[in-house]
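Report on the following structure.
We did not get these values from a lab; they are worked out from the coordinates using the rules stated. The model shown is predicted, which means the values in this text are computed figures rather than measured ones. All Cβ positions, glycine included, derive from the backbone under ideal geometry; neighbour counts span all protein chains shown.
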Amino acid sequence: MSQDTVQIRRGASTYAYVIIANQARAGTIFQLKKGLTTIGRSGSNDIRLDEPSVSSEHAQIRSDGEKEFTLIDLGSANGARLNGRPVQQHILRHNDVVELGETKLVFKRIG
Amino acid sequence: MSTPEARLELSVAARSDQGRVRNVNQDFAYAGPLPGLPDWQLLVVADGVGGHQAGEWASQKAVETLVQDLAARLVATEPLKALACAFEAANREIWSAAASHAAFAGAATTVVAALSHGRSAWWGNVGDSRLYLVRGGAAQRITRDHSLVEEQVRSGRMTREEAATSDQRNVITRSVGFEEAVSVDSGGPIELRRDDVLVLCSDGIHGLLSDDEIADAGSSLGPVQSAERMISLGNARGGPDNLTAVVGRLREADRLIDTTRFGASDRLRHRPGRVIALTILVLGVLAGGAFAALRTVGPGWWPL
């Protein structure tokens with residue numbers, strides 16, 4: 001199937017998600033919320049990653065309206081990496097690979 | 001080494017490639033056991049449509065839903081019914097997202113899936129991705145394309161030759177997520193024999209490779225090499241579309257690890273220092289265990 005024949009409606013909102021790329025929950029998709037999406041090992045997070053290398057409150061992805069999604073490391077023990085490089089805070093682009101401890105997530109956005 | 005009683009298992013691999021022309025890969029694939037059901041293997045290829053990355057999401061969502069839904073449902077449901085229900089669940093997920101989010105308008109995907117347990121395999125299909133059974137060096141198409149040209153060929157309005165070059169060959173007549181309900185083709189069980197190969201692929205592969213070429217690539221090599229061979233052949237012919245191949249080969253369980261990839265057994269057997277080399281190999285395999293598993297027997301999500 002090759003051609004994108006469908007026009008996106010006017011005023012389409014952005015939809016962003018992460019897809020887990022390794023370990024037990026690989027392939028799982030999480031929608032990112034407007035405002036704040038929290039990621040960590042504890043059950044209170046929006047995205048719960050039950051892996052030993054992930055801190056209980058590891059990172060956040062913050063969106064300002066619909067334009068930008070920013071990854072923020074919350075001073076976690078094993079840190080956050082973006083496409084292999086350690087980061088504290090960084091704007092995400094489509095297909096960016098976020099590593100939290102040993103868990104890899106791929107950032108995706110639509111629109 | 002091989003006895004008639006040898007336990008047979010499906011050794012699987014999945015590969016996906018963006019190709020040479022597209023700037024996104026809207027295909028997605030899975031090959032591996034179902035979570036919590038190690039005796040069941042699932043092979044899936046999905047080819048998404050919809051602009052602005054919506055097609056990419058649709059193929060990922062369909063594969064995720066199939067894996068999770070089948071893992072939950074197979075305990076209490078017959079395989080054929082479970083497959084149909086899982087396709088319907090994926091359809092609901094995508095259709096309802098597309099109905100409520102403008103960003104998803106038009107998001108849909110083809111899905112072809114094969115589910116195996118022991119020697120038996122069941123399949124489901126919507127769209128124009130394909131399942132082949134390669135047996136004795138010949139490829140047999142198990143699925144029927146839900147495409148405009150296939151329908152015209154079947155009704156006698158177009159020849160196979162015309163279909164192969166038609167500018168409408170990309171138009172599909174059924175997809176997962178495009179409408180509120182979906183009609184799923186399904187079948188099985190296929191009783192697999194030793195060395196039978198299941199090949200699932202997107203049209204980026206079967207649009208460029210003949211059935212004979214798919215049979216050749218599928219039957220002469222291990223699953224990883226088969227899938228990579230199909231993709232490199234497609235790319236050598238211009239790679240105009242995303243290319244995805246999932247390959248499962250029924251073979252003895254003790255050969256499940258694809259040693260050809262590591263250049264192991266045969267060569268080592270004739271060399272001095274074989275024990276040391278083997279030790280290094282074993283340590284290497286252990287160290288790279290997760291990676292090796294992903295490269296050979298899955299579970300593998302591609303192109304993740």
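Some notes on this structure:
- Counting every other Cβ atom within 10 Å of each residue's Cβ, B:Met158, B:Met230 order from fewest to most as B:Met158, B:Met230.
- Taken over chain A, the alpha-carbon convex hull comes to 110 cubic angstrom per residue.
- Take each residue of peptide B:60-66, count the partner chain Cβ atoms within 10 Å of its Cβ, and average: the result is 3.
- Distance from the Cα centroid of the range B:159-186 to that of the range B:90-106 is 20 Å (rounded to whole angstrom).
- Computed from the C-beta positions of B:Thr159 and B:Ser220, the FRET efficiency with R₀ = 35 Å rounds to 0.70.
- The A:Asp64 and B:Arg7 beta-carbon pair, evaluated with R₀ = 56 Å, returns a calculated FRET efficiency of approximately 0.50.
- Geometric extent, Cα atoms of the range B:7-155 - Rg, Dmax (angstrom): 15.8, 50
- At R0 = 51 Å, FRET efficiency that the Cβ-Cβ distance of A:Ser42 and B:Thr173 yields, to 0.05: 0.60
- With only the Cα atoms considered, the range B:116-161 has a convex hull volume of 96 Å³ per residue.
- Rounded to the nearest 20 debye, the dipole size of the range B:76-155 about its Cα centre is 320 debye, using +1 on the Cβ of Lys and Arg and -1 on the Cβ of Asp and Glu.
- Spin-label pair B:Val21/A:Ile91, simplified geometry with 7 Å Cα→Cβ offset, distance in nm: 3.3 nm
- Neighbours of B:Gly137, meaning other residues whose beta-carbon lies under 11 angstrom from its beta-carbon, give a summed charge of -2 when Lys and Arg score +1 and Asp and Glu score -1.
- Note on the range B:117-242: Cα-Cα pairs beyond 24 Å make up 32% of the total pair count.
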